Number of protein chains: 2
Amino acid sequence: MTDPNIRKFTFGKPFPTGAVIRDVPETAHLPYLTVSEDGSLSMSLAPETILYGLGPTVRGLNKRGWLYESANRDDSQHTEEKHALYGSHNFLIVDGPARFALFLDTPGWVVWDLGYTDSDRISITADDGFTLYLWEAETLPELVRGLRVLTGAPYVPPLWAFGFNQSRWGYRDENDLREVIRRYRELDMPLDMVSLDLDYMEGCRDFTVSRERFPDFADFNRELAGEGIHMVPIVDAALKADEAWPVYRECLEKGFFCRKEDGSPFFVGVWPGKCVLPDFADPEAAAWFGRQYRALTDAGVRGFWNDMNEPAIFYSEDCLREVFEKIRTFQDRDLDLDSFFEMRNLFGSLSHRDAYLRDYFHTVGGERIRGDKLRNIYGTRMTEAAAKALKEQLPDERVLLFSRSSYIGLHRSAGIWYGDNRSWWSHLKWNVAQAAAAGMSGFLYSGADIGGFGGDATGDLALRWLAFGIFSPLFRNHSIRGSRPQEFWRFGREEAFRGVLKLRYALLPFIYSEFVKAALSGGMYFLPLSFVFSDARSRRVEDQLMIGEGVMTAPVCEQNADGRFVYLPEPMRLFRMRSPKDFDTELLPAGDHFLSCTLNEVLVFLRKGYCLPLAETDGVRNSRDVDFSRLSALKYDEAPVSYTLYDDGGVRSELSLEKYGRTLVF
Amino acid sequence: MTDPNIRKFTFGKPFPTGAVIRDVPETAHLPYLTVSEDGSLSMSLAPETILYGLGPTVRGLNKRGWLYESANRDDSQHTEEKHALYGSHNFLIVDGPARFALFLDTPGWVVWDLGYTDSDRISITADDGFTLYLWEAETLPELVRGLRVLTGAPYVPPLWAFGFNQSRWGYRDENDLREVIRRYRELDMPLDMVSLDLDYMEGCRDFTVSRERFPDFADFNRELAGEGIHMVPIVDAALKADEAWPVYRECLEKGFFCRKEDGSPFFVGVWPGKCVLPDFADPEAAAWFGRQYRALTDAGVRGFWNDMNEPAIFYSEDCLREVFEKIRTFQDRDLDLDSFFEMRNLFGSLSHRDAYLRDYFHTVGGERIRGDKLRNIYGTRMTEAAAKALKEQLPDERVLLFSRSSYIGLHRSAGIWYGDNRSWWSHLKWNVAQAAAAGMSGFLYSGADIGGFGGDATGDLALRWLAFGIFSPLFRNHSIRGSRPQEFWRFGREEAFRGVLKLRYALLPFIYSEFVKAALSGGMYFLPLSFVFSDARSRRVEDQLMIGEGVMTAPVCEQNADGRFVYLPEPMRLFRMRSPKDFDTELLPAGDHFLSCTLNEVLVFLRKGYCLPLAETDGVRNSRDVDFSRLSALKYDEAPVSYTLYDDGGVRSELSLEKYGRTLVF
């Protein structure tokens, strides 16, 4: 792999995000893009040009035809009309007559008009100064490798983090968790992790554990660890403004909070009620926050998810007061067309206002910087602080860490999940595009909440989603409190769920190996067909993904469908898998196929010259039980095939991963 | 056509909805369904059973796997997780080893658990007494004909109502409308109607016209009529509580309003502010409301849309007062996880509460009946009253009338539109299923807002939606105020939009004829493939529709797709149409095809033995200009094909339509 010729252009005075780790010399001539008077960058698009990138957000893989914003935002209604979700991945691939990629480095707001206003034109506008990196390459994977050269290699979690993670906002106490684990065990459904949502804390205070619900957390952690189950507790960004709580007192005393213009704490409402936002842009404050994780690592916890770090703000204290004053003016009025909605919006629009970000300030090297100027790296700084602290606290262990909010650069330290999706078939379909887009940005360890977080899942949706989810590095079933229970044993069809879950564990050596290979090579784990095949049809396929170069999956994303259309750019062998051992197979010619796929089946396709190694799953309860030394393999034909396998081998550090590759022949 | 053997079963004391016009004798034995103790009806489903019906609502054609409610509701967020929209069409087809249909006649709430709780089980639960009609048939179309035998033949609007209708909430005055019409004319894009939303009224008072914005409405109507353009004003259900307004005073004096338990008016907030709900269940009140349309028919108006008639209630006066009292208790509190959302919901959940329906009463024959008991026929009674009055006011004319809220039975008097959809690709796709489902219930004249009502459309969405919309009997582009302007000349690509719009007008003789044939025969205009073909694959196709028996369309519903998969149950001739005269064609064998379809193309398929008649469109400005006597035809092959054409021929009454059919040979 030769380094791409990355060029750098600086506009204004960009705040250093830390995303770029490579020193790139500044050059003068900006190709492709025109800089207009208002500072926006634009170019015209050929009809056939496809745009990739921007990380996991709404809509399809090809981002053309919509307006996106880099504006990390807690938004639980992921509909087609949204412009931004939780992460800002300012990485765009232009795949047309010109083929190039760009990374626009700024922690502030960016508007990406990708053929929205004018279908044949891109226009990119940033609020603040930015550094633009631009490079060309012959192929799409090489363009992605360019971003890795620039921003570094991805985070690789420990092997157990590739197991199955059962989560729900609503597991209240030890006994709830024991019961969930017991049921999975009883039904011979493997399980590696249980996530803990807000419920485990004492009044939503970070780094506390409810004594009532978890009388001895360390002991309970040991109990689960003995069964090979990891607890993965949530950590939220905001800290409860509770003077009786030492963590808050220390935060106040040390001044580690975001401030209003007058220097006083900027109070906001989040889950715990009145809170302060730690000033993660201040390295000392960030380090202090990271040290707090010790309260949980000391109890044996080795995995975390960082949430509400866009930052999520339900209301600011000041604004809530204004709303209460304003609402009075509507009382006893005849509320018509305009005034009624104005009134209703007073409360309806209280949460996650962009305006809040202009009401508080960070302190960086003695300088005040307004919240909106650093909005897109707030959660990244939080999670980087956690990653750094966890390395210090646990120097000999790899830990699991994933975040909701993200900015490129964080991919070196943590994974992400795609936030509060819903139990919608359309969100299952988006999951496919999101998985590939997250990987482009470098977040190889990522995933959606399988079955959907909000709303009520049906059994068929859960099973179809599982059939795609088993390929996802982050493999978690999560749901909101009050929704229909969503564990994989809630919907009947236990044999079907068990078969597909076991398939995940049979695939674990393959999934982990492909992940490590992608991480080491600057590649991607999930790839759109166009990243592997060069024919025209492959460029438009958005609902089939390659896993590495040899395996393809094509999930059924429509309710009541008994199969789906699949496009094969070359002959492939189809495996219709109901479990690791129960499948049928056929050789399919290149071209279009309608393939039946019953609810209990997973469509897996294999290219000639590749194989799919499978582990034994009899008696496998979790990833610890998976024997990497006893693999069989599914093959395209009888010819011998070699496969490079990576195993965990007790690897302590991501840097030494490459040592653990070995070539098997099947 | 022989009449199906319809059986009737009465449970409790159902309120007469008027939906059924055929006298059916009561029988004792209920086949297929089991009545359980709580009165719910249930049956188990074979794996292959498909469920059709329930009218235009969320999700696909096959209603299996979700829980639906018959609960007419104004809900502008049509997401997959919703259970009810604006209409209650209690018609269900069970297409499995047993093939039968049922109509459950009640104006109250019904829950249809169609494999939601248990994927292999139906359970139907009604709040109140109901009459169940059940019948079997050999084919799906015959099952639909059974419903027509039971509930009567569909409404057929005048020919001009099949032209193009441009609408927007936000056309403020005469000049706005003139400009819209001028632009369509200038660009040689045909147009028959402009809808008027709230803007035309004086302070949202029904039957008033703003003198400021329309100084002489009758004169303006004449001006547009001279250009062949019909104005189609909106009429809302609720009446502004304005003592200075004679219509309200008369409503009060005559007691034609819905009442609280104490007999006083039930005041609600809707667009005009404080309102009363006319008591459409009271025949005198309904007739009085119908007479008010004369204010507009006298000005020359011949088309109306009835809105907000679920009924939509933004708030009740009493409840708003309670909310204002309650909100005070949240002031100056530390709002945590639970209390914050409780507070926000006070206003957020103020609109369209089901509870409101239990707070008011109708007066029917001197008897008080609570609002929720008649909820699903409220809008139907309103629109039936309008239809009856319009017949009296305009005995020699067919008028255009369509409603948002509906119940089966209304299909004899009016059309419907599918309410406040959004500019989402998923809503384009739903439009396909909704169109077929509405037709099953008898609402042949129906359609979705093309381009989407809420949210911002892009040009490609508008064009793809138009490519399906040109086949829709109700053919309207409508959008919400504040959204991106959505007229078909707003997005560039004028030639493409013009070509497809002209195709609609070339198809007008075909569309009108197929519509009349469906109306006369008890059939459907849009048909799922399974209603025409009997192969197994056709049963699962949800995104291709037949129009009559000979023509099929297959819209592209994915952004950035350059084509789509199409399944052909038999060989068909494809026409890739860019305009009535610009197309290419190829003969396709039965089976699966990936067919390219650029943004300016419409995929039309023709079966052997059928033809597609086309009118001349040069110089055609509206439906008046379409010459039914000069038709050419697209054909499968050279063999002569006969086609039964219906033309308007100045038909005054739907009852005489059959006289106007004549057979042409192409």
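Annotations
Table: residues versus (1) touching a residue at least 40 places away in the same chain (Cβ under 8 Å); (2) outside any helix (DSSP H, G or I); (3) among the charged types (D, E, K, R).
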site: B:ALA467; (1), (2), (3): yes, no, no
site: B:PRO473; (1), (2), (3): yes, yes, no
site: B:LEU501; (1), (2), (3): yes, no, no
site: B:PHE533; (1), (2), (3): no, yes, no
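- Taking the conditions (1) open to solvent by 20 Å² or more (accessible area, probe 1.4 Å); (2) without any contact (Cβ under 8 Å) to a residue 24 or more places away in the chain; (3) farther than 19 Å from A:ASP74 by Cβ in turn, A:PHE324 satisfies each one other than (1).
- Scanning region B:622-652 for residues that are touching a residue at least 40 places away in the same chain (Cβ under 8 Å) and β-branched (Val, Ile, Thr) returns B:VAL626, B:THR644, B:VAL651.
- Check on B:PRO589, surrounded by fewer than 21 Cβ atoms within 10 Å (Cβ to Cβ), more than 11 Å from chain A (Cβ to nearest Cβ), closer than 27 Å to B:LEU140 by Cα and modelled with pLDDT of 95 or more: yes
- When the residues of region A:607-666 are filtered to those that are in a helix (DSSP H, G or I) and open to solvent by less than 30 Å² (accessible area, probe 1.4 Å), the one that is modelled with the lowest pLDDT is A:SER656.
- Just one of the numbered conditions (1) assigned to a helix (DSSP H, G or I); (2) in contact with a strand residue (DSSP E or B) (Cβ under 8 Å, 6 or more places away or on another chain); (3) within 14 Å of chain A (Cβ to nearest Cβ) is not true of B:LEU224: (3).
- The lone criterion from (1) under 29 Å from A:SER167 (Cβ atoms); (2) surrounded by fewer than 21 Cβ atoms within 10 Å (Cβ to Cβ) left unmet by A:GLY303 is number (2).
- Between A:SER538, A:SER579, A:SER513, the distinction of being free of Cβ contacts under 8 Å to residues at least 40 places away in the same chain and hydroxyl-bearing (Ser, Thr, Tyr) belongs to A:SER538 only.
- Residue within region A:271-294 that is free of Cβ contacts under 8 Å to residues at least 60 places away in the same chain, within 19 Å of A:GLU202 (Cα to Cα) and aliphatic (A, V, I, L, M) present: yes
- A:VAL94 fulfils the conditions (1) touching a Ser or Thr at 6+ places or on another chain (Cβ under 9 Å); (2) touching a residue at least 24 places away in the same chain (Cβ under 8 Å); (3) not in a strand (DSSP E or B) except for a single criterion, (3).
- Selected residue (criterion: nearest to A:TYR378 (Cα to Cα)) from residues of region A:329-361 that are among the aliphatic types (A, V, I, L, M) and either assigned to a helix (DSSP H, G or I) or without any contact (Cβ under 8 Å) to a residue 24 or more places away in the chain (or both): A:LEU357
- Qualifying residues in region A:378-394 (those that are within 15 Å of A:TRP288 (Cβ to Cβ), charged (D, E, K, R) and more than 19 Å from the chain's Cα centre (by Cα)) - the one surrounded by the most Cβ atoms within 10 Å (Cβ to Cβ): A:LYS388
Residue-by-condition table, conditions (1) open to solvent by less than 20 Å² (accessible area, probe 1.4 Å); (2) within 14 Å of chain B (Cβ to nearest Cβ); (3) closer than 18 Å to A:VAL602 by Cβ; (4) out of contact with any helix residue (DSSP H, G or I) (no Cβ under 9 Å at 6 or more places or on another chain):
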| position | (1), (2), (3), (4) |
| --- | --- |
| A:GLN486 | yes, yes, no, no |
| A:ALA506 | yes, no, yes, yes |
| A:ILE511 | yes, no, yes, no |
| A:GLY522 | yes, no, no, no |
| A:PHE526 | yes, no, yes, no |
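- Test: A:GLY53 is out of contact with any Gly (no Cβ under 9 Å at 6 or more places or on another chain) and at positive phi: yes
- Condition broken by A:TYR116, with the remaining ones in (1) among the hydroxyl-bearing types (Ser, Thr, Tyr); (2) more than 25 Å from the chain's Cα centre (by Cα); (3) in a strand (DSSP E or B) satisfied: (3)
- Residues satisfying the stated conditions in region B:347-363, i.e. under 30 Å from A:CYS275 (Cα atoms) and either of a type in the set (Phe, Trp, Tyr) or at the interface with chain A (Cβ under 7 Å from one of its Cβ atoms) (or both): B:PHE347, B:GLY348, B:LEU350
- Verdict on B:VAL110 being closer than 28 Å to B:VAL364 by Cα and either open to solvent by 10 Å² or more (accessible area, probe 1.4 Å) or at pLDDT below 95 (or both): no
- Condition met for A:ARG168 (open to solvent by 10 Å² or more (accessible area, probe 1.4 Å) and more than 14 Å from chain B (Cβ to nearest Cβ)): yes
- Flag for B:SER40 being more than 11 Å from chain A (Cβ to nearest Cβ), open to solvent by 20 Å² or more (accessible area, probe 1.4 Å), touching a strand residue (DSSP E or B) at 6+ places or on another chain (Cβ under 9 Å) and not hydrophobic (A, V, I, L, M, F, W, C): no
- Within region B:1-35, the set of residues being of a type in the set (Ser, Thr, Tyr) and either surrounded by 12 or more Cβ atoms within 10 Å (Cβ to Cβ) or in contact (Cβ under 8 Å) with a residue 24 or more places away in the chain (or both) comprises B:THR10, B:THR17, B:THR27, B:TYR32.
- Filter result (acidic (Asp, Glu) and closer than 13 Å to A:TYR133 by Cβ) within region A:23-42: A:ASP23, A:GLU26
- Verdict on B:PHE488 being of a type in the set (Phe, Trp, Tyr) and under 21 Å from the mean Cα position of the chain (by Cα): no
- Residues satisfying the stated conditions in region B:306-321, i.e. open to solvent by 60 Å² or more (accessible area, probe 1.4 Å) and at pLDDT 95 or above: none
- When region A:488-498 is filtered for residues that are open to solvent by less than 10 Å² (accessible area, probe 1.4 Å) and assigned to a helix (DSSP H, G or I), only A:PHE497 remains.
- When the test is whether a residue is among the β-branched types (Val, Ile, Thr), away from chain B (no Cβ under 14 Å) and open to solvent by 10 Å² or more (accessible area, probe 1.4 Å), A:VAL532 passes it.
- Residue check for A:TRP465: closer than 19 Å to B:GLY115 by Cα and either buried (at least 24 other Cβ atoms within 10 Å of the Cβ) or not charged (D, E, K, R) (or both): yes
- Output for region A:205-230, where each listed residue is buried (at least 21 other Cβ atoms within 10 Å of the Cβ) and within 25 Å of the chain's Cα centre (by Cα): A:ASP206, A:ILE229, A:HIS230
- Candidates are the residues of region B:50-81 that are in contact with an Asp or Glu (Cβ under 7 Å, 6 or more places away or on another chain), within 10 Å of chain A (Cβ to nearest Cβ) and charged (D, E, K, R); the one that is nearest to B:VAL541 (Cα to Cα) is B:ARG59.
The values are calculated or read from the model by the stated rules, or taken from the named source; none is laboratory data. Being a predicted model, the structure only gives us computed values, none of them experimental. Heads up, the Cβs are rebuilt from the backbone with ideal geometry, glycines too, and the neighbour counts pull from every protein chain shown. Just so you know, the surface numbers come from the protein's heavy atoms only, side chains and all, with ligands and any DNA or RNA stripped out. Shrake-Rupley method; radii C 1.70, N 1.55, O 1.52, S 1.80 Å.
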